[in-house]
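Here's a structure for you.
Each value in this text was obtained by applying a stated rule to the coordinates, not by laboratory testing. Everything numeric here is computed off the predicted structure, so don't read it as measured data. Glycine also receives a Cβ, built like all others from the backbone with ideal geometry; neighbour counts cover every protein chain displayed.
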């Protein structure tokens with residue numbers, strides 16, 4: 001699963017050879033036109049396609065000491081699948097633009113392809129890589145486009161109405177706890193990330209290990225996106241930057257206020273501010289109930305002075321992650 | 001068109017602010033769901049979507065001394081539109097993943113958005129940016145996904161048959177001549193790219209200036225993609241890496257040999273090896289004639305020992321560009 005140990009650098013291989021090595025690891029195409037032509041052609045029953053792109057960049061988004069090629073492929077797929085699910089859609093295809101340094105090992109690239117395939121197979125069966133692009137870059141960069149199809153209308157983030165319940169499927173704060181473990185335990189005295197030695201990983205408490213897993217290989221509840229749409233979700237989005245920050249985006253778009261329930265969510269600040277779990281945050285008419293896999297975490301109120309409340313009161317912690325505000329290449 | 005002179009660095013702005021500044025420059029969305037939600041929702045009449053991704057990376061793909069933000073936006077759009085056109089499809093939407101250093105000026109980003117819009121308006125009216133992603137990176141990287149729709153069947157690269165004519169719409173070698181001008185005239189003694197001062201540009205011969213324009217702001221004949229499909233093209237692809245190299249890919253996929261006609265193409269090697277013009281290379285049944293905008297440049301033969309011939313003889317020059325073989329960051 002993690003490459004066959006071929007340490008050859010991609011710079012010593014032709015583009016066609018690197019491409020072949022990747023394609024050999026991917027699921028066979030089921031599209032009318034799959035990889036190998038100028039563009040893929042994908043069936044889109046219903047006449048609408050859902051499309052999103054998200055990029056993982058070495059430095060701000062991952063560290064190679066912490067993430068294997070497999071982990072990166074998995075995560076690049078998972079975060080994009082979550083954006084498709086958050087529209088109430090079913091993911092059907094990925095396009096992968098991979099820009100990498102010449103000294104990248106081919107077995108790293110193969111492991112990345114394995115991770116892409118494994119995430120699709122586990123989280124969105126039937127979805128496969130149907131196209132992509134290879135480029136040389138000084139900075140390892142993985143831009144994934146995900147495409148999906150809809151059974152009914154898309155679930156936007158602007159449809160929440162006062163009286164709706166707020167529900168969450170998936171984790172809140174778990175991936176952020178994992179990132180904290182990586183920063184605290186897997187950097188040397190100078191702050192440089194250190195590899196995740198199995199013996200060190202084995203010493204983590206179960207909750208810490210679960211956090212690291214969630215940070216490196218998130219498992220958003222992709223199938224619950226279409227379930228939410230079928231159950232009549234009025235609004236939905238994926239929680240990528242933190243529950244309060246993303247809830248404020250939903251309430252801003254819907255011109256409402258979201259009141260989160262601390263009796264359900266607890267009082268750990270990371271639950272409210274931690275990003276990267278890619279849980280599905282949705283609102284449903286109160287009478288409808290929420291589908292299995294979602295838990296009610298609050299309610300929608302008429303718009304007030306604050307977009308998000310916690311237990312009816314202003315939330316005064318950090319709401320979440322803004323890459324332009326929070327990332328500093330010098331201090332990491 | 002080239003930014004309003006705001007030198008603020010994106011690292012000093014929030015992601016939401018940078019996004020707003022970009023969206024203000026783009027054409028209004030006509031999609032069912034445009035920018036601002038987890039994913040875009042696009043209408044796809046006919047139930048099939050054509051999708052491709054291509055990435056421009058600082059260093060191998062462009063130099064900031066030579067390309068303005070506007071140029072980069074234009075080129076990133078144009079090269080992807082060409083891939084959609086090469087399937088016989090009409091481009092309808094772009095998704096733009098922009099990864100850039102914190103010290104990137106906001107007016108550079110605005111100019112890039114202007115270039116994306118201008119290329120769509122000029123080359124593929126009705127196509128617009130409908131989604132994207134912003135990330136911090138040490139290496140300026142622009143990954144564009146283009147989506148399109150089909151009236152009939154897609155034109156693949158594997159349908160050429162012996163007896164077909166080979167036709168080209170667009171330039172061959174012009175962009176490569178422009179790159180040579182940039183390398184020859186706009187680098188200092190140490191080989192470092194120098195800015196394109198208007199006085200220096202004004203001293204170029206017309207053919208040189210045209211080459212530079214084609215290199216920085218290519219104008220592939222996007223509308224001729226659907227015209228070729230309607231005229232019965234049996235195979236088509238865009239010429240991104242050089243006429244002989246890309247023709248060999250088409251003939252390999254089709255299991256034929258392509259014989260290019262030097263009486264039409266001339267004997268300048270750059271015509272055969274120069275990439276980045278993004279012309280459309282297509283084959284048509286001989287009896288059908290070729291649509292306006294295409295010129296016949298050769299014929300399809302039964303598969304022989306060579307995939308590409310020039311005037312019936314083996315081509316012994318360099319066929320084109322392979323980024324893994326040809327790019328060297330040290331000598332660039």
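Quick one: helix B:206-216 against the long Cα principal axis of chain B, what's the angle to the nearest 10°, folded into 0 to 90?
With rounding to tens, the tilt is 70 degrees.
Report the dimensions of chain A along its three principal axes from the alpha-carbon atoms, largest first, rounded to Å.
That gives 61, 54, 32 Å along the principal axes, largest extent first.
Any idea what log10 I(q)/I(0) is at q = 0.14, 0.16, 0.20, 0.23 Å⁻¹ for segment B:1-79, Debye with uniform C-alpha scatterers and no solvent?
For segment B:1-79, the Cα-only Debye profile gives -0.70, -0.90, -1.25, -1.35.
Once the label point is set 7 Å along the Cα-to-beta-carbon vector, what list of distances in nm do you get between residue B:302 and its counterparts in the other copies?
8.3
Quick one: label points 7 angstrom along Cα→Cβ at residue A:126, distances to the other copies in nm, smallest first?
Distances between equivalent label points, in nm: 2.9.
Just round it to a whole percent: the fraction of Cα-Cα distances in segment A:93-207 exceeding 23 Å.
Everything past 23 Å amounts to 59 percent.
Just the C-alpha atoms of segment B:1-146: what Rg/Rh do they give, with Rh taken as the Kirkwood radius?
We get a ratio of 0.95 for segment B:1-146.
Shifting gears a bit: Determine the shielding of peptide A:127-137 by partner chains: average, over its residues, the number of Cβ atoms on other chains within 10 angstrom of each Cβ.
Per residue, the number of nearby Cβ atoms from other chains is 5 on average.
State the percent of C-alpha pairs, over all pairs in segment A:63-161, separated by a distance greater than 15 angstrom.
The answer is 62 percent, as a whole percent.
A further question follows. Rounded, prolate or oblate, given the Cα gyration tensor of segment B:212-317, with a/c below 1.5 counting as rounded?
Note, shape of segment B:212-317 comes out oblate.
So how many Å³ per residue does the convex hull of the Cα atoms of the protein assembly as shown work out to?
153
Compute the label zone of residue B:20 within segment A:254-280: residues whose backbone N is under 17 Å from the point 7 Å along Cα-to-Cβ.
Answer for segment A:254-280: A:254-255.
Moving on. Could you give the Stokes-Einstein D for segment A:157-272 in µm² per second, using the C-alpha Kirkwood radius, 10 °C, 1.306 mPa s?
98
In degrees between 0 and 90, to the nearest 10, how far off the longest principal axis of chain A does helix A:243-254 point, with axes built from Cα atoms?
That helix lies at roughly 70 degrees to the long axis.
Return the distance in nm (one decimal) between the two label points of a simple spin-label model at residue A:8 and residue A:230, each offset 7 Å from Cα along Cα→Cβ.
4.6
Give me a single rounded figure for A:156-162: the average over its residues of other chain Cβ atoms within 10 Å of their Cβ.
Taking all residues of A:156-162 together, the mean is 2.
I've got another one for you. So how tilted is helix B:106-123 from the main axis of chain B? Cα-based, degrees 0 to 90, rounded to 10.
30
Using only Cα atoms, what Kirkwood radius does segment A:57-98 have, in angstroms?
Kirkwood hydrodynamic radius for segment A:57-98: 11.5 Å.
Hey, for residue A:316 with labels 7 Å out along Cα-Cβ, what do the inter-copy distances come to in nm, ordered shortest first?
Nearest first, the other copies' label points are 8.3 nm away.
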